[in-house]
Amino acid sequence: MKRNFLLATAPWFMACLFLGPVAVGLLGTWLPAAGYFPVLGQNNFSWQPVLDFYQHPGMGSAFSLSFFIGILSSIFALAMVFIVLIGLYPSALFKKVERALAPILSIPHAAFAIGFGFLITPSGWMFRVINSLTGYFDRPPVITTLQDSDGVSLMIVLMLKEAPFLLFMALATLPSLKVSKTLWLGASLGYSRLFSWLWLLFPQLYQRLRLPFYSIIAYSLSVVDLSIIAGPTAPPTAAVVITRLFTDADLSYRLIGAVGASHLLALLVATLLLVRVFEKVLARLCCYVLWRGVRHRLPSKPLTFITWVLLIGLSVSYILSFTVTALWSVAQRWRYPDLLPEAITFSSWGRSFDRLLDTLLTTFGLASAAAIIAVILCIGALENEVRMRYKYNRKINTRQLLLWIYIPLLVPQVAFLFGFQVSLIYFGLDSSWLAVLWSHLIFVIPYVFLTLSEPYRNFDDRYIYIAKTLSKRRTKSFMTIKFVMLLRPILYSFAIGFSVSIAQYLPTLFVGAGHFATITTEAVAMTSGSNRRMMAVMAMWQQLLPFAIFSLAIIIPALRFRRHRSMSHQ
């Protein structure tokens, strides 16, 4: 009875952990936006914060810039995924691309942005390579390739980081689409491969990718750390302006920041509604094309060429970004236009370890605790779902459940974290380690659940029934059979949760209130300086910690199942 009670409460406790702060945070942001903020003596509702917001310089440009960067980078990322799928799926090469997703997803956004900046800046490695090959650019060109005023560099970084996430989410649903049979059926009816993908498979795939696509729109519209590293500065994006208002020494700016955060949420809602209308138009167009029954023999060679260009570009950008970051972290002297450093030293690593030992321990502790708690809660919630399905014959509405899971990912962080911080201050819980851990769990739990839910639901529970008939103990059957057989996805979801926690910037900044520093907050702070070596060391630490956990998630099951051939390659 006690075990059943714990399983039944796991979903509710998990929902309270990551949905409660969102609801409380939104209310805590909307009230100051309406002029009610008793802490500053504002005890009556007023339109003054709204008027001050509209008079604040650069707001219109910041919001329009955020809109175009967010929507264009998301559409380009989705287009990249579709092109790669058309060109490669299903094939042996796509299997290799699938295996390469784990190390790519383990790289935090800020670390990749720093490495990409080392690559494309006027004195970066890209122009050094061009100089060594052609002799051009003896001096760094006088152009702006990073933090340009149009936000192109930020758009490229977002596109390169979000495309692998969308591809990862597509992997879970591709088997259910029966792609090979659909392509064979389309070919037998006279349709080309490209036509079959565009009009038969993509409408089904997009329905399953809609929420992940909406979440990257929300992220791209409201990201702060990437905007600081790679985004424009005059004016910056709306999320950066709002964050500066929230952290300004003049407390009255909090009210203007709350209005800005509310407007950013409204902009996101309007953007998603616009995308939804566009979806309806494309759906009608798809029905019209299929109804006409025209057999378009679209050429596949140009698409194959584009697929290879995208794959090579994506691979080169990640490999070179990591390589140039590693080189800068050990460079003693590296003058332009030298292709490699003149001398190598590990002094920056030594200084960083002595100086950042507490930061590393804080980062590792928060990420480990958040990932462990998230995995335990998600296993409890999924096990309760299985119990309800088999014992009470109650089906779970997975589409509705997914919508609830995606809520923290669909709401801009800056739109509710300020209100959540105010509520924590009211109850005396701010600036504590547990509060920062809670703020990380808001975003870790959804990603862990999305990673673990599919393999957990697909597990054949007849193994458990057989084990129960032999041992008559449910807990022992679970630990010795189900947990062991699901060890690989469980460890992988732990690694995902660890990586997500490592990447959290705004939750640590707001809820920690400066009392807790993580690798990400230190790395973003370093980007405002000119010490490339320490910046590179911080970016390397950001990448090495998640990479080590992902490596363990691969090695441990391989060692555990080395004598079981089918399990070792599962």
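Of all residues in segment 516-541, those being of a type outside the set (A, V, I, L, M) and more than 25 Å from VAL411 (Cβ to Cβ) number 9.
For segment 151-187, what are the residues that are open to solvent by less than 10 Å² (accessible area, probe 1.4 Å), small (Gly, Ala, Ser) and closer than 21 Å to ARG99 by Cβ? Hits for segment 151-187 are ALA163, ALA170.
For PHE165, state whether it is closer than 14 Å to ILE86 by Cα and part of a helix (DSSP H, G or I). Judged against the criteria, PHE165 is not a match. Taking segment 189-212, which residues are farther than 16 Å from TYR89 by Cβ and part of a loop (DSSP other than H, G, I, E, B)? Once the filter is applied, which keeps residues that are farther than 16 Å from TYR89 by Cβ and part of a loop (DSSP other than H, G, I, E, B), segment 189-212 yields LEU189, GLY190, TYR191. Within segment 485-499, does at least one residue satisfy the condition of being under 14 Å from the mean Cα position of the chain (by Cα), open to solvent by less than 10 Å² (accessible area, probe 1.4 Å), under 23 Å from VAL422 (Cβ atoms) and touching a residue at least 40 places away in the same chain (Cβ under 8 Å)? Within segment 485-499, not a single residue is under 14 Å from the mean Cα position of the chain (by Cα), open to solvent by less than 10 Å² (accessible area, probe 1.4 Å), under 23 Å from VAL422 (Cβ atoms) and touching a residue at least 40 places away in the same chain (Cβ under 8 Å).
When segment 173-188 is filtered for residues that are without any contact (Cβ under 8 Å) to a residue 12 or more places away in the chain and not in a helix (DSSP H, G or I), only LYS178 remains. Whenever a residue of segment 161-172 is over 14 Å from TYR206 (Cβ atoms), its partners that are open to solvent by less than 20 Å² (accessible area, probe 1.4 Å) and among the aromatic types (Phe, Trp, Tyr), lying with C-beta atoms within less than 8 angstrom and at least six residues away or across chains, give the pairs LYS161/PHE112.
Residues that are over 13 Å from ILE379 (Cα atoms), in a helix (DSSP H, G or I) and not aliphatic (A, V, I, L, M) were ranked within segment 448-474; the one that is most open to solvent (accessible area, probe 1.4 Å) is ARG462.
Within segment 329-342, is there a residue that is under 30 Å from PHE494 (Cβ atoms) and of a type in the set (A, V, I, L, M, F, W, C)? No: segment 329-342 contains no residue that is under 30 Å from PHE494 (Cβ atoms) and of a type in the set (A, V, I, L, M, F, W, C).
Number of residues in segment 327-360 that are open to solvent by 30 Å² or more (accessible area, probe 1.4 Å) and under 23 Å from the mean Cα position of the chain (by Cα): the value is 0.
Of the helices (runs of 4 or more DSSP H) lying entirely inside segment 481-570, those containing at least 3 residues that are at pLDDT 90 or above span 487-502, 506-512, 519-526, 532-560. Scanning segment 33-85 for residues that are farther than 30 Å from VAL157 by Cα, hydrophobic (A, V, I, L, M, F, W, C) and open to solvent by 30 Å² or more (accessible area, probe 1.4 Å) yields a count of 6.
When GLY60, GLY25 are screened for being at pLDDT 90 or above and in contact with a helix residue (DSSP H, G or I) (Cβ under 8 Å, 6 or more places away or on another chain), only GLY25 passes.
Can you go through ALA230, ALA239, ALA249 and tell me which one is under 25 Å from ALA513 (Cβ atoms), touching a Leu at 6+ places or on another chain (Cβ under 9 Å) and among the aliphatic types (A, V, I, L, M)? On inspection, the qualifying residue turns out to be ALA239. On the stretch given as segment 408-427, residues that are among the hydrophobic types (A, V, I, L, M, F, W, C) and either within 20 Å of VAL500 (Cβ to Cβ) or in contact with a strand residue (DSSP E or B) (Cβ under 9 Å, 6 or more places away or on another chain) (or both) total 9. As a summary of the residue check, ALA100 satisfies the conditions (1) among the aliphatic types (A, V, I, L, M); (2) in a helix (DSSP H, G or I); (3) closer than 24 Å to ILE242 by Cβ except for the one numbered (3).
When segment 122-149 is filtered for residues that are part of a loop (DSSP other than H, G, I, E, B) and touching a helix residue (DSSP H, G or I) at 6+ places or on another chain (Cβ under 8 Å), the ones remaining, listed by number, are GLY124, TYR136, PHE137, ASP138, PRO140, PRO141, THR145, LEU146, GLN147.
Just one residue in the set THR323, THR304, THR271, THR233 is of a type in the set (S, T, N, Q), over 23 Å from GLN48 (Cα atoms) and assigned to a loop (DSSP other than H, G, I, E, B); that residue is THR233. With respect to being surrounded by fewer than 17 Cβ atoms within 10 Å (Cβ to Cβ), of a type in the set (A, V, I, L, M, F, W, C) and either modelled with pLDDT under 90 or touching a strand residue (DSSP E or B) at 6+ places or on another chain (Cβ under 9 Å) (or both), TRP404 fits the description. Being of a type outside the set (Lys, Arg) and within 30 Å of ILE120 (Cα to Cα) is a description that does not apply to LEU282.
The values are calculated or read from the model by the stated rules, or taken from the named source; none is laboratory data. From a predicted model like this one, the values you see are computed outputs, not experimental measurements. Quick reminder, even Gly has a Cβ in these numbers, built from the backbone with ideal geometry, and neighbours come from all protein chains shown. The area values use the complete protein model at the heavy-atom level, side chains included, leaving out ligands, DNA and RNA. Shrake-Rupley method; radii C 1.70, N 1.55, O 1.52, S 1.80 Å.
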